[in-house]
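Visitor: Please find one structure pasted underneath; my questions will follow.
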Amino acid sequence: MRDAAASERESPVTPLPIFDGHNDTLAALYRRGLSFFEEHAQGHLDLPRAQRGGLIGGIYAIFPPAPPDSPESDPLYGLQMTEEGYALAPNSPVEPGYARAFTDAVLKLLDTWEQAPGEPVRVVRTYEDLHANRDAGRHSLVLHFEDAAAIEADLSNLEAYYQRGLRSLGLVWSRPNAFGCGVPFRYPHSPDTGPGLTPAGKQLVRACNRLGIQIDLAHLNERGFWDAAALTTAPLVVSHAGVHALCASTRNLTDAQIDSVGQSNGVIGVIFEPGNLRRDGRPGVATPLMGIVEHIDYIAQHIGVEHVAFGSDFDGADMPQDLPDVASLPRLIAALHDRGFDQTALEKIAYRNWFRVLQAAWRSS
């Protein structure tokens with residue numbers, strides 16, 4: 001098998017448009033005070049590099065981090081190394097008022113992106129927008145909340161956020177909120193780490209179906225996953241995760257969960273972060289691209305290539321050294337080609353699968 005760099009030089013496949021299922025770039029640039037329209041040495045994603053990498057759009061998350069004065073603002077807070085792996089202390093919930101204030105501040109930044117000269121970036125509100133933007137050469141941004149902490153427990157502000165452009169919602173991050181419990185970060189461990197959705201969480205699922213907001217089950221514990229699967233009328237979506245059989249972290253999906261996504265005609269966006277790819281659960285930029293390919297191939301073999309896509313977690317996690325940023329995405333396409341994925345399969349993985357499930361979620365209303 002050829003290495004990814006050789007594959008890239010030989011251009012084995014027709015260049016593909018790529019749509020990514022999860023990144024944290026919007027909130028990251030807000031916190032750094034940087035422009036999306038200029039190339040930066042830090043971070044993974046900006047518009048110039050996206051254009052070089054073939055990224056036509058993605059699902060852009062607003063994630064309210066722990067407050068700066070909280071010890072949990074350190075991503076390694078509470079880390080305990082074990083003989084087999086690691087365990088992080090469970091994250092505390094964030095105060096809803098703080099989450100709303102942070103979210104609203106980032107939304108103001110997003111308004112300036114849409115007002116940039118030439119309208120190079122557009123917030124997507126309908127399935128038709130995805131195709132119109134692609135045809136016009138505009139970058140499509142699907143607005144996503146990662147952790148529904150900004151949503152009132154009585155859902156009284158959900159529709160207002162929908163009117164602002166919210167079209168995808170992660171019920172939780174890896175901490176509890178009014179709607180459910182996220183998984184704490186542990187390896188090795190199953191994703192069965194706590195109780196299922198709360199009554200408010202079940203109402204949130206139904207409300208998202210009614211409005212046409214895609215529900216994202218990433219970071220949700222296993223009991224919450226099954227609660228949501230039993231309630232939703234839309235395809236199941238996990239925007240950024242891996243395969244538990246290949247890397248036994250709490251963030252990854254069991255075979256039963258993977259089967260359920262396939263049976264719903266849903267999609268799993270495979271995360272690029274090494275700690276959720278490696279069989280030993282260890283982080284490390286030296287992880288080869290083949291780690292991503294193995295997880296994609298496992299899901300494709302298990303439930304079909306129609307149900308797997310990219311869920312990078314750009315600007316929210318470390319990346320492998322061979323995929324340091326969005327401009328390097330053609331290397332991953334080449335590595336998948338070397339694994340045996342033909343042009344039709346690559347198109348599904350690169351963007352068609354995401355387009356299909358977004359259309360289904362948005363029209364479920």
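The values are calculated or read from the model by the stated rules, or taken from the named source; none is laboratory data. Keep in mind the model is a prediction, meaning the values are calculated, not measured. Heads up, the Cβs are rebuilt from the backbone with ideal geometry, glycines too, and the neighbour counts pull from every protein chain shown.
Visitor: Of the residues that sit in the stretch 237-264 and are in a helix (DSSP H, G or I) and not hydrophobic (A, V, I, L, M, F, W, C), which one is farthest from L169 (Cα to Cα)?
Guide: D255
Here is a yes/no grid of residues against (1) more than 22 Å from L358 (Cα to Cα); (2) assigned to a strand (DSSP E or B); (3) modelled with pLDDT under 95:
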site	(1), (2), (3)
A87	yes, yes, no
Y98	yes, no, no
T112	yes, no, no
N133	no, no, no
A149	yes, no, no
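Visitor: How do the pairs read when you match residues in the stretch 244-262 that are over 14 Å from A218 (Cβ atoms) and at pLDDT 95 or above with residues anywhere that are hydroxyl-bearing (S, T, Y) and buried (at least 22 other Cβ atoms within 10 Å of the Cβ), using Cβ under 8 Å and keeping only pairs 6 or more apart or on different chains?
Guide: From the stretch 244-262, the pairs are C247/Y187; A248/Y187.
Visitor: Let me ask something else. For S168, only one of the following conditions fails: (1) in contact with a strand residue (DSSP E or B) (Cβ under 6 Å, 6 or more places away or on another chain); (2) under 21 Å from D313 (Cα atoms); (3) part of a loop (DSSP other than H, G, I, E, B). What is its number?
Guide: For S168, the exception is condition (3).
Visitor: Still on this structure: I'd like the residue in the stretch 18-45 that is without any contact (Cβ under 8 Å) to a residue 40 or more places away in the chain and of a type in the set (D, E) and, out of all such residues, is surrounded by the fewest Cβ atoms within 10 Å (Cβ to Cβ).
Guide: E38
Visitor: Do you know which of the residues in the stretch 301-331 that are assigned to a helix (DSSP H, G or I) and under 23 Å from L26 (Cα atoms) is nearest to the chain's Cα centre (by Cα)?
Guide: V326
Visitor: Let me ask something additional. Give me the residue from the stretch 282-300 that is assigned to a loop (DSSP other than H, G, I, E, B) and crowded, with 22+ Cβ neighbours inside 10 Å and, out of that set, modelled with the highest pLDDT.
Guide: L289
Visitor: Going residue by residue through the stretch 78-86, is there one that turns out to be out of contact with any Pro (no Cβ under 7 Å at 6 or more places or on another chain), surrounded by 12 or more Cβ atoms within 10 Å (Cβ to Cβ) and in contact (Cβ under 8 Å) with a residue 60 or more places away in the chain?
Guide: yes
Visitor: Output the residue which, of all residues in the stretch 202-236 that are touching a Cys at 6+ places or on another chain (Cβ under 9 Å) and part of a helix (DSSP H, G or I), is nearest to L158 (Cα to Cα).
Guide: If we take residues in the stretch 202-236 being touching a Cys at 6+ places or on another chain (Cβ under 9 Å) and part of a helix (DSSP H, G or I), then G224 is nearest to L158 (Cα to Cα).
Visitor: Of the residues in the stretch 32-52, how many are under 18 Å from the mean Cα position of the chain (by Cα), small (G, A, S) and at negative phi?
Guide: The qualifying residues number 1.
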